[in-house]
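One structure below.
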Amino acid sequence: MTARDLLTRSNLLGAALVVVLLVLPSLATAYFVNFVMTQTFILGLAAATIVFLAKYGGMISLAQFLLFGVAGFMFGNAAQETGARGLNLGWHPWAAVVFALAVTTAAAFVLGALASRSTGLYFLMLTMVYAVIGYYVFAQIVEISGPGGLTSIQRPDLLGPPVRLYYAGLGLSVLAYVGFRAVGRTAFGLALQGVRDDPVRMASLGFNVPLHRALAFTLAGFAAGAGGLLNVWWNGQIDPASIAIGPTLILLIIAVIGGISSFEGAWLGAFVYVLIFTYLRDLPLIDRVGITEARFNTVIGVIVLVIMMLSPEGLTGIARRLRRRLRPPARTGPAPSTGPPLPVRTTEKELGVTRR
Amino acid sequence: MAHTGTAPSAPSGPPGPSGPAGPAPVVEVRAVTVAFGGLLALRDIDLAIARGERLAVLGPNGAGKTTLFNVIAGDVTPAAGSVVIKGVECVHRPSRYRPRLGVARTYQKARALAGLTVRENIYLALAGLRGRHRPLWRTAADRRMGEEAADVAHRVWLAGQLDAAAGELSHGQQRQLELGMAIATRPDVMLLDEPASGLSRGERERLVELLESFDEELTLLLVEHDMDVAFRIARRVVVMADGEQVTAGTPEQVRADPQVHRIYLGTEAPA
């Protein structure tokens, strides 16, 4: 790939967006940066792991939020010192980071291996079972979740000021976005897409299909774990209720709002979700029409419903369609098809859930 | 069914007139029986295929051709019997071991990977064989395999569709891609499941031309519904019906066999 190939319009747009986000802390209010945007990055990162598995592997996973939580609990147990709840191992924070990511990745491999022969709806159900079991594990084994959760978890000194956490979220998000997309063009990613399209075919080409699925799940679990660490640093605490089935579903909803087959959609969906939950209450007269805080989930539900009806590809699908309509027809014709040796296809993929 | 262990020499040989002579067969199917529920799809089938042989398996729909094929390719595990490929007992080895033994197959319904491009499909056939399954970064090896894939695409007349998604190809082009994915790995044994089905006359001509251009050493097992294509490619023909072998012989012998006419009368007039 030459430098010239990198100068596509979407790459430039992405770079411009990153620049804006880099200077955002000096443009926007601290609340917007440290609350809205940091949370967007964290949830977007977690949702991107759902997109990764769905888009390339045809696997819709409900276990990503559990892995997100495992990393948080493990960090809390390892890093906190005596006197706090949990195991109080009192390790150095970065040792705790390594430990948390290792446990999360190992858990992802085991769960992925167990689910590696299921696809479609069965995979979804199985990962939902994981989420429920995971919740009860942490809710009932209070030694590792502290009665009522782990509180006052300190983040590493390096990430002390909130704006550093914002930058960490931005950095990890960019890394995940670029990384996940790049993986799609590697041998591993192409084989994963092959497994999505036709596992029987891939086996006859020599691939170990279940292992491939398990490894994809492991990779996604690792990334979800990184998001989970950011989350526990941002929150300063974690309790079993925060990984219950409700939040688990919200992560899937975020992915669906954004568009489950596009990585941009993960962060876009997270942004929309956080915006609604943060600013809906400030809209004038909103409480007069009966939308109080307790009704926010209803609003989210209606939005999801509308998006599903308008565009199964989510907000990114809507954006893509608008762009196509606005662009002069001459340019939509023969698209220039230069690209890397193994270019990503331009066709939009549906979920691939119904494929075998 | 009489599954008599592993007696390497003297294969029981098909009852047909021209069983393979000479060295040990490349593929040997012994007393294979497959049952789907109550249905016996294959009943005690024996088949030995010599190196470089061009063998066609004919028969009406439901004769068990594809099942036999799937047993050899490892997609179906038989209830009894054994499959030996190049001296390796393969009956309980999943299909993913076949490429290492130099076996490639195509599917009756084109099963190209719909969401990937032609180049990526062929690339995966190469990557699958060479064990390049899990790297998370691209290297020069990937680029070379991409170029190799382009060469193969050229051989199966898909040079113009290199970057088209396989799912958007026409039916004929998908069959070409199937063939491309099979020949990309330079197999010693190629299993072609109804390669001509659904092709136009012109496409059939090209297919036959391609199959005839293969190396003499390549062993070709062809399942065909279309007798025309089968007779042009094959030097030996096995005819099956209702999960059993009916007859076997040279194309001329089989063409003249009244039994074959009877079997085919209901479904297709003899050529």
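Per-residue Karplus couplings for region A:5-15, computed as 6.51 cos²θ - 1.76 cosθ + 1.60 with θ equal to phi - 60°, are listed in order as 5, 6, 7, 7, 4, 5, 5, 4, 4, x, 5 Hz, Gly and Pro entered as x. For region B:113-186, dividing the convex hull volume of the Cα atoms by the residue count gives 78 Å³ per residue.
Under 5 Å from the amide H of B:A241 lie the amide H atoms of B:V246, each residue being 5 or more positions distant or on a separate chain, with H modelled from the backbone and absent for Pro and chain starts. In the protein assembly as shown the Cα-Cα distances spread across 20 Å bins starting at 0 as 18, 42, 27, 12, 1 percent of all pairs. Among A:V36, B:V239, A:V272, a tally of other beta-carbon atoms within 10 Å of each Cβ gives an order, fewest to most, of A:V36, A:V272, B:V239. Compared with the rule-of-thumb size 2.2 N^0.38 Å for a compact globular protein, region B:179-243 has a Cα radius of gyration ratio of 1.11.
Rounded to whole numbers, the Karplus 3J(HN,Hα) couplings from phi for region A:179-190 are x, 4, 5, 5, 4, x, 9, 8, 4, 4, x, 5 Hz, using 6.51 cos²θ - 1.76 cosθ + 1.60 with θ = phi - 60°, and x at Gly and Pro. Cβ crowding within 10 Å, taken as a proxy for footprinting-reagent exposure, orders A:L111, A:L53, A:L211 from fewest neighbours to most as A:L211, A:L111, A:L53.
Most tightly packed first, judged by the mean number of other beta-carbon atoms within 10 Å of their residues, the peptides B:149-161, A:68-80, B:177-189, A:194-206 read A:68-80, A:194-206, B:177-189, B:149-161. Taking Lys and Arg as +1 and Asp and Glu as -1, the other residues whose beta-carbon sits under 14 Å from that of B:A41 total -2.
From the alpha carbon centroid of region A:133-161 to that of region B:213-245 is 66 Å. For a straight C-alpha distance cut-off of 17 angstrom, the aspartates and glutamates reachable from A:K55 (same-chain residues fewer than eight places away being disregarded) are A:D197, A:D198, A:E264, A:E313, A:E348, A:E350, B:E120. Descending by average beta-carbon neighbour count within 10 Å, the peptides A:167-180, B:194-207 line up as A:167-180, B:194-207, the highest first.
The share of C-alpha pairs in region B:30-82 whose separation exceeds 18 Å stands at 29 percent. Taking every residue in A:178-189 and counting other chain Cβ atoms within 10 Å of its Cβ, the average works out to 4. Its Cα gyration tensor gives region A:28-242 an equivalent ellipsoid. The semi-axes, each the square root of 5 times an eigenvalue, are 31, 20, 14 Å from largest down. Packing order of peptides A:112-125, A:280-293, highest average first: A:112-125, A:280-293 (average count of other Cβ atoms within 10 Å over each peptide's residues). In this entry, region B:90-245 is assigned a mean projected area of 10.3 nm², taken as a quarter of its C-alpha convex hull surface. What shape does region A:130-203 take by its C-alpha gyration tensor, where a ≥ b ≥ c are the square roots of the eigenvalues and a/c under 1.5 counts as rounded, a/b above b/c as prolate, and the rest as oblate? Here region A:130-203 falls in the oblate category. Here the Karplus curve 6.51 cos²θ - 1.76 cosθ + 1.60, taken at θ = phi - 60°, turns the phi angles of region A:289-298 into couplings of 8, x, 8, 9, 4, 5, 9, 4, 4, 5 Hz, with x standing for Gly and Pro. With a 10 Å cut-off around each Cβ of B:100-112, the average count of Cβ atoms from other chains is 2. Straight-distance candidates among the aspartates and glutamates for linking to B:K86, with alpha-carbon spacing under 17 Å and chain neighbours fewer than 8 residues away dropped: B:E28, B:D46, B:E53, B:D188, B:E217. Have a look at the DSSP beta bridges in region B:172-271 and tell me what percent are antiparallel, nearest 5. Beta bridges within region B:172-271, antiparallel portion: roughly 50 percent. Ranking of B:R130, B:R111 by neighbouring Cβ atoms within 10 Å, starting from the fewest: B:R130, B:R111.
Coordinate-derived values only; no laboratory data. These numbers were taken from a predicted model, which means no experiment stands behind them. Reconstructed Cβ throughout: ideal geometry from the backbone, glycine too, with neighbour counts over all protein chains shown.
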